[in-house]
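The numbers here are math on the coordinates, done by the rules we state, and not lab data. These numbers were taken from a predicted model, which means no experiment stands behind them. Note that each Cβ is placed from the backbone with ideal geometry, even for glycine, and that neighbours are counted across all protein chains shown.
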Amino acid sequence: MDLSFFPPPPTDHGDKARWIDAATSTTKSAFRRTRSISMLLAWLRFFTFAVMALGIYGWIAEGLNWSLIAGVVGLFAFGTTVKIHGRVRFRVQTLALLLAVLDESKQRVNGEPVILREGNAPDDLSLWESRFDAVSSNQLSSQELGDLDVFGRPISLHGLLNRTSSPIGAARLAHALQNPVQDIKAITQRQDAARWLAEHPIRRLRLMAAAAGFRSLSKDFRNLFETIRDATPMPGGAAITAARLWGLAGPVTLLFGLGQTFEWHSIAMGWLPFIVVVMINGVVLRSIRKDTTDRIRPWLELEDVVAQFSFFAASAVESLPDDGILGDRRRQLVSAVQPAILPRLEARIPYLFLGLSGVFHIIIDLLVLWDLQAVAMIEHVAVRHQSTLLNAIRALGECEFLASLGTYAWEEDGAEFPSVESGNPRLEIIHGRHPLIARNEAVANSLTLGVAERTWVITGSNMSGKSTFLRMTATNALLAMIGSAVPAESMRLSPLEILTDLRIRDDLSRKESYFLAEVRQVRRMVDAARAGHDVFVLIDEPFRGTNSGERVAAASAVVRTLINGSGLHIIATHDAALTTLGDLPNAKNKHFEERFENEGLVFDYSLRDGPAHTRNALLVLESEGYPPDLVADAKQIAAELGDPTA
């Protein structure tokens, strides 16, 4: 697809919205011109068909030789017009999809984390997993997936990144988010690919527009994959080959019969050979009918998706570079668009529809065993080039996944690709924002965990920003390990196994209470730290499901074990008693705070050194209009319990 009418892409983020508007305007103009050409070609099709029909009628009814010539010319003109019209209509459709892709980018370039495609996990992920490259990774549990909002609505990481259009593209992105990579080389290769796509927005948009045609073909795409995956040679071997060769006997004997009728030859056998061949063909068709029908059926609905796949592959070959993993995927698609593979498959599927209805189908089938010939020609391509076609399908999923990462890097103002390093566990984020919070609402904070400081104990009052900070660090670490850019001024990390305890809930299906579910989750963290794993542990209010005294005791013991174990850890808590752990070697206290102004709480959501010294629970009751005597009673009780802020 030619996008030479696009204006040159901008280098400054502030110009991107205007560039999208300009690109949309030129695309709309191209769309209108192409649609007008399509309408003219539609009328030309009607005219050439009329010339063909009238010419043939004049020859048959009146015996006019010039009429036959007109009919033949009309036939060729009609066929050519149909072919050209099909291409123009396809371009009209593609330009419409390009407009949709541009509109999606316009919605996201202003920093709003809206879901444009699908935020939930694909239902058919297991169907595609065997197609994905195996790399060293750690699979996130349902706990981390929920804590970090990886899937779901109204907003999720999958929804934030997802700009895929095919089922395998969505599954590839979901699989990557569920399995953050531990291999530095693999992460770097993905970063390089995503960076290239971000730096070449016109090529990326062409790739995404070519894939957008799959949006209305999801079911057909799954059927195509399964049909190619399960394709096997027709049983019968030599017998099938002989039957296909025998199919030539019908046209030969038909010409023989016509030859005697019109006195083209003098052999006096009449139509007998033709009748014998037709009778034999009828017996053959009866014997193979069920197997042939079963093999034809899956292909009957795949004409559109094969044409779309062929178009995408050709567009990707034009759009992608020659090196890196994008170059690897390009070579897989180059193999698939060879004339003997996808183009031939696309050309042969319509054979199944030749005379597919009524008497004409019966006649042509009896004449040449057409159904057998057609399905054999199609399956010859699908079976012989099965691995090439499956690799091309995998390449499609990988291209869409990487294009999603490249799109996020281009649309997100200030997003940077992290530096991924080997060695001791480390995580450094400078002015990082939570990717699921609108850019103009997010408050940036920084984090440095490594050899000198492996554990942070974060205190602060309700709503001060502790939970959001924990999620910011973990979601950015996850994005980094799938190869994505992150919303931060800079970021450095070593690959880490992310373990979280941020949203423990009851699990009635497993008969787990809130407290038991949390205990089992924290046990994973303790075991991993003691085993020497490079873990990144995040706990929000440890053991909040039990009473105060035991909560502090259990939490203190767990944090001490983590500090003495391996990995990096962030623990957010309301319990002032846990701040003593921040004074241990390799640990540090941090806090968020608020102030009370004009009878209301004001938060700046900025992380500070040291432990917190304020509480706001009773202030919230007061600011929300609770009865004064109730608030006073609560303050007195708090003072009796030893709260110095009461």
### Query
In which sequence would Val537, Val278 go, from the one with the fewest C-beta neighbours within 10 Å to the one with the most?
Val278, Val537
## Note on the structure
Counting every C-alpha pair in the range 218-400, the percent lying more than 23 Å apart is 51
#### Entry: Difference of contour (0.36 nm per residue) and Cα-Cα distance, Asp294 to Asp323
6.2 nm
### Query
So what is the orientation-averaged projected area of the range 277-337, using the convex hull of its C-alpha atoms, in nm²?
6.3
### Task
Can you spot the lysines whose alpha carbon is less than 26 Å from Lys588's alpha carbon? Ignore those fewer than 8 places along the same chain.
Lys466
### From phi via Karplus (6.51, -1.76, 1.60), per-residue ³J(HN,Hα) for the range 100-112 in Hz, x at Gly/Pro
5, 5, 5, 5, 4, 5, 4, 5, 9, 5, 8, x, 7
### Query
Against the longest alpha carbon principal axis of the chain, how many degrees, from 0 to 90 and to the nearest 10, is the axis of helix 201-212 turned?
60
### Message
Report the Cα centroid-to-centroid distance between the range 15-40 and the range 395-417 in angstrom, as an integer.
### Response
24
### Task
Any lysines with Cα under 28 Å of the Lys219 Cα? List them, leaving off those in the same chain fewer than 8 positions away.
Lys83, Lys290
### Query
Where a Cα-Cα gap under 22 Å defines reach, which lysines qualify for Lys28, not counting those fewer than 8 residues away within the same chain?
Lys16, Lys106
### Query
Counting every Cα pair in the chain, what percent are over 39 Å apart?
49
### Query
Once fully extended, how much extra length lies between Val135 and Arg523, figured as 0.36 nm per residue of separation less the alpha-carbon to alpha-carbon distance?
137.0 nm
### Summary
Expressed as a whole-number percentage, the relative contact order of the range 419-614 with C-alpha contacts under 8 angstrom and at least six residues apart is 29
### Query
Looking only at Cα atoms, what is the convex hull volume of the range 555-596 per residue, in Å³?
75
### Message
Spelling out what I want: for every residue of the range 345-353, take phi, set θ = phi - 60°, compute 6.51 cos²θ - 1.76 cosθ + 1.60 (Karplus), and round to whole Hz; glycine and proline get x.
### Response
4, 4, 6, 8, 4, x, 4, 5, 8
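Mind giving me the FRET efficiency for Asn440 and Arg87? R0 is 56 Å, r the Cβ-Cβ distance, nearest 0.05 is fine.
0.80
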### Dimensionless Rg ratio for the range 151-263, taking C-alpha atoms and the 2.2 N^0.38 Å reference
1.95
### Query
Expressed as a rounded percentage, what relative contact order does the range 13-108 have, with Cα pairs under 8 Å and six or more residues apart?
39
### Query
In percent, how large is the relative contact order of the chain, given Cα pairs closer than 8 Å and 6 or more residues apart?
13
### Message
How long are the semi-axes of the equivalent ellipsoid of the range 419-614, taking √(5λ) for every eigenvalue λ of the Cα gyration tensor, in whole Å from largest down?
### Response
23, 23, 17
### Fewest-first sequence of Thr407, Thr580 by Cβ atoms within 10 Å of each Cβ
Thr580, Thr407
### Query
Just from its helices, what would the mean residue ellipticity at 222 nm be for the chain, if runs of 4 or more DSSP H residues each count -39500 (n - 2.57) and the sum is divided by every residue, rounded to the nearest 500 deg cm²/dmol?
-18500 deg cm²/dmol
### Task
Just report the Cα centroid separation between the range 69-122 and the range 330-349, whole Å.
20
### Query
Using Cα atoms only, what is the angle between the long axis of helix 184-199 and the major principal axis of the chain, expressed in degrees (0 to 90) to the nearest 10?
70
### Message
Counting other beta carbons within 10 Å of each residue's own, what order do Leu161, Leu127 fall into, fewest first?
### Response
Leu127, Leu161
